[in-house]
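The values are calculated or read from the model by the stated rules, or taken from the named source; none is laboratory data. Keep in mind it's a predicted model, so treat the numbers as computed, not measured. Note that we place each Cβ from the backbone using ideal geometry, even for glycine, and neighbour counts take in every protein chain shown. Each accessible area value is taken on the protein alone, full model and side chains, heavy atoms only, with ligands, DNA and RNA left out. Shrake-Rupley method; radii C 1.70, N 1.55, O 1.52, S 1.80 Å.
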Amino acid sequence: MITKSISLAPPYEKAGLNSEGLSPTLTCIIHDSQPERKYPALIAIPGGSYEHCSKREGEPCAARWYSYGYNGFVPDYSCVNKPFPTALLELCAAVEYIKSHADELCCDGRVILCGFSAGGHLAASLGVHFGKYQKLFKENIRPDGMVLCYPVITAGEFAHRGSFNALVGGDEKMYDTVSLEKRVNEDTIPSFIWHTFEDGTVPVENSLLMAGALRKYKIPCELHIF
């Protein structure tokens, strides 16, 4: 196992964002270089209501996926009063880095996103919006699949309001953009979604709404409610 941290350089200015004070990193938990074998990449995206990055949903998850034959990656993305799409650009930059350094990282080119809670919202944001931001990047930033774990999806009736207060400052004009069940389209990434029925923080309706939108567009999806 090789563990290292790299600095990301998203195109903030091209997106009209202020980069002052931002220094996102990507922790890499990768297999030793073996010319005869490459591994798919799994980006574990921790939650934390867009207020912090949860430690328990980051490296422990990436390390478990490492044990399943993946290279694990954890982005330390910008939170708190960093306007949308700051964190999304940082996730895009993480995907681009992995794909552009595939040989060095012993990766086979496939990138799967695994997001928890607000991290699930960030993962799904890339899953629905990647085409909009592709022009800012040299490498293809389209992920190959998403695992959404009790994800924050909607800014509507069943919203986890704290996440959207942090993400867009409570700006209701942005709710349509960040309500991802409304942004699903025919190019959205196939997904595995799971939730618990009694979740008292992020209502299960978030996953149901996402699954319903994916079904509408005939996007492959597996949904588990526990």
**Asked** Cβ-Cβ below 9 Å, separation at least six or inter-chain, first residue in region 75-103 and within 17 Å of residue 41 (Cβ to Cβ), second surrounded by fewer than 19 Cβ atoms within 10 Å (Cβ to Cβ) and among the β-branched types (Val, Ile, Thr): which pairs?
**Response** 75/25; 75/27; 76/25; 76/27; 97/6; 101/6
**Complete:** Among residues of region 29-55 being over 23 Å from residue 150 (Cβ atoms) and out of contact with any Phe, Trp or Tyr (no Cβ under 7 Å at 6 or more places or on another chain), the residue surrounded by the fewest Cβ atoms within 10 Å (Cβ to Cβ) is 36
**Item:** Tabulated pairs, region 7-25, first within 17 Å of residue 76 (Cβ to Cβ) and in contact (Cβ under 8 Å) with a residue 60 or more places away in the chain, second open to solvent by 90 Å² or more (accessible area, probe 1.4 Å) and assigned to a loop (DSSP other than H, G, I, E, B), C-beta under 9 angstrom, 6+ apart or interchain
**Value:** 8/23; 12/18; 24/9
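When region 103-134 is examined, which residues are found to be aliphatic (A, V, I, L, M) and open to solvent by 20 Å² or more (accessible area, probe 1.4 Å)?
The one that is aliphatic (A, V, I, L, M) and open to solvent by 20 Å² or more (accessible area, probe 1.4 Å): 112.
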**Prompt:** Being farther than 19 Å from residue 84 by Cβ, within 15 Å of the chain's Cα centre (by Cα), in contact (Cβ under 8 Å) with a residue 24 or more places away in the chain and open to solvent by less than 10 Å² (accessible area, probe 1.4 Å), is that true of even one residue in region 146-165?
**Reply:** yes
**Asked** Which of the residues belonging to region 74-122 are in a loop (DSSP other than H, G, I, E, B) and more than 16 Å from residue 166 (Cα to Cα)?
**Response** 101, 102, 103, 104, 105, 106
**Complete:** Checking 205, 181, 172 in turn, the sole residue that is closer than 14 Å to residue 154 by Cα and modelled with pLDDT under 95 turns out to be 172
**Asked** Somewhere in region 198-206, is a residue in contact with a helix residue (DSSP H, G or I) (Cβ under 6 Å, 6 or more places away or on another chain) and of a type in the set (A, V, I, L, M, F, W, C)?
**Response** no
**Of the criteria (1) closer than 14 Å to residue 152 by Cβ; (2) free of Cβ contacts under 8 Å to residues at least 60 places away in the same chain, which one residue 119 fails** = (2)
**Request:** Filter region 71-102 down to the residues that are of a type in the set (D, E, K, R) and under 14 Å from residue 27 (Cβ atoms), then identify the one that is surrounded by the most Cβ atoms within 10 Å (Cβ to Cβ).
**Result:** 90
**Request:** All but one of (1) open to solvent by less than 20 Å² (accessible area, probe 1.4 Å); (2) modelled with pLDDT under 95; (3) under 19 Å from residue 108 (Cα atoms) hold for residue 58, so report the exception by its number.
**Result:** (3)
